[in-house]
Amino acid sequence: MSLDIKQISSYKKWFLYHLVKQKFLVLCVLVGIISVTSLRVIIPIVIGYIIDTTLITRDLTNLILLLAITLTVYVSRNAMDYITMMVGHYLGLKTEQNMRQEFFDTLQYKPLRYHDKARIGDLQALATNDLRIINTMISHGAFYIYPFFQVIMAAILLIVTLDLRLAMICTPFILLYIYFLLQYRRRITPWAAGRMVTHSNVAVVLQDSISGAAIVRSFTAEELEREKFHQAVIGFRDNRIGETKVQAKFYPLLVLYLTIGATFLASCIFVFQDTLTIGALTAANLLLITLIDPTNMIFWATNDMMSGFAACSRLYTSLSLEEEEQQESYLLEWPDNFRGRIEFRDVTFAYGDDGTQNTPILKNFSFIVEPYQRVALVGPTGCGKTTMVKLLLRLYEPQEGTILLDGIDIRNYPLDELRRHIGYIEQDIYLFSRTISENIAFGRPNASQEEIRAMAELAQVNDFVQDFPEEYNTVVGERGTRLSGGEKQRVAIARAFLTDPEILILDDSVSAVDSKTEEKITHAMENVVKNRTTLVITHRLHTIRTSDKIIVLKRGRIVAEGNHNDLLQSSEDYRRIFGKHLVLPELVVRT
Amino acid sequence: MGLYIGLFSEKREREYSDRELLSRYARRIVPFKKSITLISLFILISTSADIIIPLMVGFGVEELEKPNRDFTLVIGVGVIYLVLSAIIWIMFSLRRREVGNFMPYFLENLRMDIFDKLQEQDMSFFDKHLSGSLNSRVSNDALDFGNTTILLADTMGNFFVSILTFGVLLWLNPILALITLAGVPFLFLLMFSLRKLARIVSRDYRKSIGNVNNGMVESIEGIQVCKSYGQEATVSEQFQETNKEYFRTAYRLTAVTHVWRSILETITAIILVIIVYLGGQLISQGTSSTAIILMFILYIQRFFRPIMVLATFFPELSAGMAAYERILDILDSEPNVKQHSELHDVDELGGEIIFENVDFSYRNDGEWVFKGFNLRIAKGEKLAIVGHTGAGKSSLVNLLARFYEFQGGSIKIDGIDIREMRLDLYRRNLGMVQQDVFLFSGTIEENIRYGRRDASEEDLWKAIRAVHADELIEYLHDGLKTQVGERGGGLSAGQKQLISFARALLTDPKILILDEATSSVDAYTEAIIQEALEVLLSSRTSIIIAHRLSTILNADRIIVMEKGQIIEEGTHESLLVQGGKYGQLYKQYYEHQSLDWKPIKLSGEKISNS
């Protein structure tokens, strides 16, 4: 259930959309708030009644009954309070859960260019902290509504059951109170937002100086780092000072205290004139006191709300940042007679949103790989080798030109099928923290153990798996940390072999294995590679030299094409890379 | 949430006694004693006002109940009530303001102290402490600890309220007061059982939040694999379970942690009802008055809340002190690397390095990396070090850079012990390029200028051109102004490497240490780096941990290290001829980097089986 963000135009709407999905719960919370508020304001009235009818008249006949009613109201208020709170939390948590699943699913289907820009720490923070903040905002949302409800209820009760004059006295205060509540929210907003920014600034600057500790020391740049950090800390400090200044002038509370005082003074006079009972005086006093707690809550609720909406806006931005990958295609099934001819026709591509601002990585890029050929891609870092592969996998879309497989535009193949038929062994191997055999079976979860073993053997995984007591059931640890670089590469090779891809792409895939194992893998591969089109990105000279074709890239263009001997003759760039090695002293050492 | 504070964080061993903690804490707040005194005073005044108010109500009602009541007295009581209400708010406001005058500065001092201490530390410190936990000390622990200060003043106020309230109640009616007091044990019982329950439920909660985190990180880190195999749906489904489990545990935890308020208020209500009932009896007997019962009603509502807050004082204090302990843990760490007391001001070093009988262990636990290690590097020499992981290659340069302290022997440069040089001046003579290049958040230019911010434009470009980084920089859209580091990213390992070369070259160090590029740098970039290295290494002493055959071939001397010992040394040719360890290493790691290497055909047997 990933989100169709196009239909939602702002983070507030996104938030509402999720809230509306739980409209029953929202309704429950509202009903809860109303009943808690009603019960809460009834209590003072009941107490006032008890004072007037029993304590002052010294007539105890109804006392037990009245007290029983009081206790019942109290207990039901507390129970309702708890239930409302729990329903609120249920609503908050449920929304958190839904939003998280939506976030997760959306991320899964975001194109890779999205993930390039996003930092894992940020996404993780969004999925945990920020969602928890939104949950808190929803769960505590009731606190924000309480004072408004309650002040209205109190005013009504004053008029209906107590005394119209007292209500008149309170009215200007109540209006002022509401005005100040809204004012407070407006004035605290920039500071509350600033707190989050300055707080994270402190963390970011600090993180840099810790991660770069060795560099800081070797360049004796401690002073510079201190200055940077001090600036961040001062930013935090000044924001906090500003925030407390606004908080200190928390006028709603002043208005409330003045209302309570003025009402009491007036009540005294009315009682003196015998136009008000002592019970009513007490009731009015207690009624207004019940407003203090909810008003204080506004303090915290405003904070929750500010951070909640900020979190919403961050999540929304993250969710709406790129559209989801396009899934539509014209061919519904994978062709049986697929051979694996690759053609790039005038492809131009740049990373970035619309590709116009950034320097193109590939410019009018064209080449052809015939079926079953092995082609080596050579060129400097950033010249576009890996990018080219990613275009082929449709992890990115080129801005111009077409990529064809067997003469058909790759956009016409079903996306998931396309990716399954192209085996890609990436540069930085990523393994999931599961068992070795689960990792190998990642692309084909229903593969049998025999198949997994066979591929593992081919990729020389068997060699080192024997050393683990749990063999193939060994959990590889976070990101595969229990395995060495070479071992991870071998697992990744087995993983790619298992899906039996028609096209195989090796992106520097054996760089970390020692030469003996590489030999073995190379030979195993020769068998596997047969009848497949293979693209190899490598700096291993022997691989380059033995390829059917070498493509030399530079700054997004193909500068030379051909086999090793041709290129040594024809390409200056090729010579620049490999010429040096030729003039090395010829060393033939037999041990 | 005060009641449950400290429950949700991991336990930690105590290292400081309470007395020590408190006395150091006191020292820290001494500069702010004026603020703290004022805050306490404001709390004192507002709580007093809070206690007087019900008394005023009582007096007023008593007067009003009389047949011949005095108007001025009634008005007086009403006016006092109004004034006291205003005072409570004024005190609230003043208190906030004073907190604003003190807390931000308190935090600033604390954070700068922690930061300065971090700057003093050597690398062994950063090996022990994860950057995330250090970060949380500066941001979160500092805040928690700061709040403790306010907590103390608050608690004092609450303590004052409960004692005084109870005193007043006793004075009004001892029997009713004692009955009220009977509620207190229930409160404590409630609190302890709830904390116990919360501790149990929070365990599951912590676990499930950890699972959510892991699931999230894994799916994002592995997104490319997931996409290349078209497995998005499977991964999403797996996460759904984790997410549901989180909901369940979080809801259980909330249900437990939020119940206390309702129970507290129910206890209050029960006591209230009992008091009113008994009060009614007393009034009919003529031993009490409406005014007194009314005051009880008003006081009971204010009595239990402060007690509840008091009850949370110790958990909160201990959480605050735990935060302080974690901070002290940093403030009290002495760096292992210590310079001698009499220091030489070194200007420009020549670059002759002598290791003499050096003993070194990372944790000083008898696991020696070096034992009696000797090495002499001549001025201007290019020395390559090769060997397996763990042979001591990086340790050697770490010692030279004074990142770690060694236990025995000496390291001398131009005849001066490095422990006798002023560290900052000494390090200015050193240049280091590490394997994992770290770039700071900022532009490329800021990063290159890192070691010499005042370098002229001309010098800057000279350095850039010398290492052939100009090609790369001109290729980038924003050129030198391109954002890199945490916020920017986007450069490949090889590109970062070139920038770090320029950064090192700009400071023109006499001694250059290279922990060489990773194997993921491609052949073309390597060719450029090779050219850059020739410039970089000329006219200085250089130590290179070699990962690349080409660097080894260009070195004046190669040493082969194993288990902290130099087992072979010589040039590439002489070592190969010797046919020892170097020969093996060469075969294993370096041979295939040469053009001549061809994999030897295995017999076809094994492969055809599979």
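Yes/no per residue for (1) of a type outside the set (D, E, K, R); (2) in contact (Cβ under 8 Å) with a residue 24 or more places away in the chain:
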position	(1), (2)
B:28	no, yes
B:54	yes, yes
B:74	yes, no
B:96	no, no
B:114	yes, yes
B:126	yes, no
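Does residue B:288 satisfy the criteria of being under 30 Å from residue B:168 (Cα atoms), within 14 Å of chain A (Cβ to nearest Cβ) and touching a Lys or Arg at 6+ places or on another chain (Cβ under 9 Å)? For residue B:288, the condition - under 30 Å from residue B:168 (Cα atoms), within 14 Å of chain A (Cβ to nearest Cβ) and touching a Lys or Arg at 6+ places or on another chain (Cβ under 9 Å) - is not met. Listed conditions (1) among the hydrophobic types (A, V, I, L, M, F, W, C); (2) modelled with pLDDT of 80 or more; (3) out of contact with any Ser or Thr (no Cβ under 6 Å at 6 or more places or on another chain) are all met by residue A:299, apart from (2).
Pick from the stretch A:65-92 the residues that are more than 7 Å from chain B (Cβ to nearest Cβ) and under 25 Å from residue B:282 (Cα atoms): which of them is nearest to the chain's Cα centre (by Cα)? By that ranking, first place goes to A:73.
Yes/no matrix, rows are residues, columns are (1) among the hydrophobic types (A, V, I, L, M, F, W, C); (2) without any contact (Cβ under 8 Å) to a residue 24 or more places away in the chain:
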residue: A:26; (1), (2): yes, no
residue: A:32; (1), (2): no, no
residue: A:43; (1), (2): yes, no
residue: A:79; (1), (2): yes, yes
residue: A:103; (1), (2): yes, no
residue: A:112; (1), (2): yes, no
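Set side by side, the residues B:212, B:217, B:309 differ, and just one is facing another protein chain (nearest Cβ under 9 Å), crowded, with 20+ Cβ neighbours inside 10 Å and not charged (D, E, K, R), which is B:212.
Restricting attention to the stretch B:77-94, the residues being buried (at least 17 other Cβ atoms within 10 Å of the Cβ) and free of Cβ contacts under 8 Å to residues at least 40 places away in the same chain number 9. Is it true that residue B:55 is more than 10 Å from every other protein chain (Cβ to nearest Cβ) and out of contact with any strand residue (DSSP E or B) (no Cβ under 8 Å at 6 or more places or on another chain)? Yes; evaluated as a whole, the condition is true for this residue.
Listed by position, the helices (runs of 4 or more DSSP H) enclosed by the stretch B:524-610 that each have at least 2 residues that are at pLDDT below 70, more than 8 Å from chain A (Cβ to nearest Cβ) and more than 20 Å from residue B:378 (Cα to Cα) are B:605-609.
Tell me, please, whether a residue that is in a helix (DSSP H, G or I), among the basic types (Lys, Arg) and at the interface with chain B (Cβ under 7 Å from one of its Cβ atoms) can be found in the stretch A:248-257. Checked the stretch A:248-257: no residue is in a helix (DSSP H, G or I), among the basic types (Lys, Arg) and at the interface with chain B (Cβ under 7 Å from one of its Cβ atoms). In summary, residue B:152 fulfils each of the numbered conditions (1) buried (at least 20 other Cβ atoms within 10 Å of the Cβ); (2) more than 11 Å from every other protein chain (Cβ to nearest Cβ) with the single exception of condition (1). If you go through the stretch B:357-383, how many residues are surrounded by 14 or more Cβ atoms within 10 Å (Cβ to Cβ), of a type outside the set (Gly, Ala, Ser) and in contact with a strand residue (DSSP E or B) (Cβ under 8 Å, 6 or more places away or on another chain)? Adding up the residues that qualify gives 14.
Against the numbered list (1) farther than 30 Å from residue B:159 by Cβ; (2) part of a helix (DSSP H, G or I), residue B:62 comes up short only at (1). Looking only at the stretch A:44-53, decide whether some residue is modelled with pLDDT of 85 or more, among the small types (Gly, Ala, Ser) and crowded, with 16+ Cβ neighbours inside 10 Å. Looking through the stretch A:44-53, at least one residue is modelled with pLDDT of 85 or more, among the small types (Gly, Ala, Ser) and crowded, with 16+ Cβ neighbours inside 10 Å.
The values are calculated or read from the model by the stated rules, or taken from the named source; none is laboratory data. Nothing here was measured: the structure is a model prediction, and the numbers come from that model. Cβ: placed from backbone, ideal geometry, glycine included. Neighbour counts: every protein chain shown.
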